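Since the structure comes first, as structure tokens, the remarks are kept for the end.
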Amino acid sequence: MKKFLRTVLPAAAALVLSACGIYSFTGTSIENDVNTITINYFEYKALKVNPSLSNDITEALRTRFRRSTRLEQVEQDGDLEITGEVTGYAVAPTAITADEVAARNRLTVTVSVSFTNRKHPEGDFESQSFSGYADYDSTNSLDAVESSLCEEIIEKIIEDIFNATVAQW
């Protein structure tokens, strides 16, 4: 009997929680009446130029929603809508040597995001800033490490945007 309770009770609890509709095991809390999402292209408005960053962020966000939610992605007028822009792309020294030379540098990317929930507007927000950074050794040029740094930074930013919009963390 104890063995039966140890196996059936957790399974029953999981079934009840997922049947409630708004909770899932992917960490999202999307209401049952929300079925579509529009993820608009992130415009690039930072002073320092990275020509592929807008596209990389947009596609990474679309992929994250495609893999982690049941939402159908539509071109316009989705139940949920995410609009954003890249507002910052900067390199700054983080560690200075005794000779006043940078030993490490930090690449920081900042995006501004607006989120609209047409079915449940209490979760909306406008112009919320998200940023991520990665450090690299100053013996490397930015050109040599930029691609891998951007991948790492984008992953962090996408996770933060996802959590703020549908995971509500």
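The values are calculated or read from the model by the stated rules, or taken from the named source; none is laboratory data. Since this is a predicted model, take the numbers as computed values, not measurements. A quick note on method: Cβ atoms are made from the backbone with ideal geometry, for glycine too, and the neighbour counts reach across all protein chains shown.
Within the stretch 88-122, count every residue that is in contact with a helix residue (DSSP H, G or I) (Cβ under 8 Å, 6 or more places away or on another chain), of a type outside the set (A, V, I, L, M, F, W, C) and closer than 17 Å to ALA164 by Cβ. Within the stretch 88-122, residues that are in contact with a helix residue (DSSP H, G or I) (Cβ under 8 Å, 6 or more places away or on another chain), of a type outside the set (A, V, I, L, M, F, W, C) and closer than 17 Å to ALA164 by Cβ number 1. Of everything listed in (1) surrounded by fewer than 19 Cβ atoms within 10 Å (Cβ to Cβ); (2) more than 20 Å from ALA60 (Cβ to Cβ), the single unmet condition for ASN105 is (1).
Tell me, please, whether a residue that is modelled with pLDDT of 95 or more, part of a loop (DSSP other than H, G, I, E, B) and surrounded by 14 or more Cβ atoms within 10 Å (Cβ to Cβ) can be found in the stretch 80-99. There is no residue in the stretch 80-99 that is modelled with pLDDT of 95 or more, part of a loop (DSSP other than H, G, I, E, B) and surrounded by 14 or more Cβ atoms within 10 Å (Cβ to Cβ). If the condition is being closer than 9 Å to THR38 by Cα and small (Gly, Ala, Ser), then the stretch 57-93 contributes only GLY78. Against the conditions (1) more than 17 Å from ARG62 (Cα to Cα); (2) under 13 Å from the mean Cα position of the chain (by Cα); (3) crowded, with 17+ Cβ neighbours inside 10 Å, where does ILE153 fall short? Just the number, please. Single failed check for ILE153: (1).
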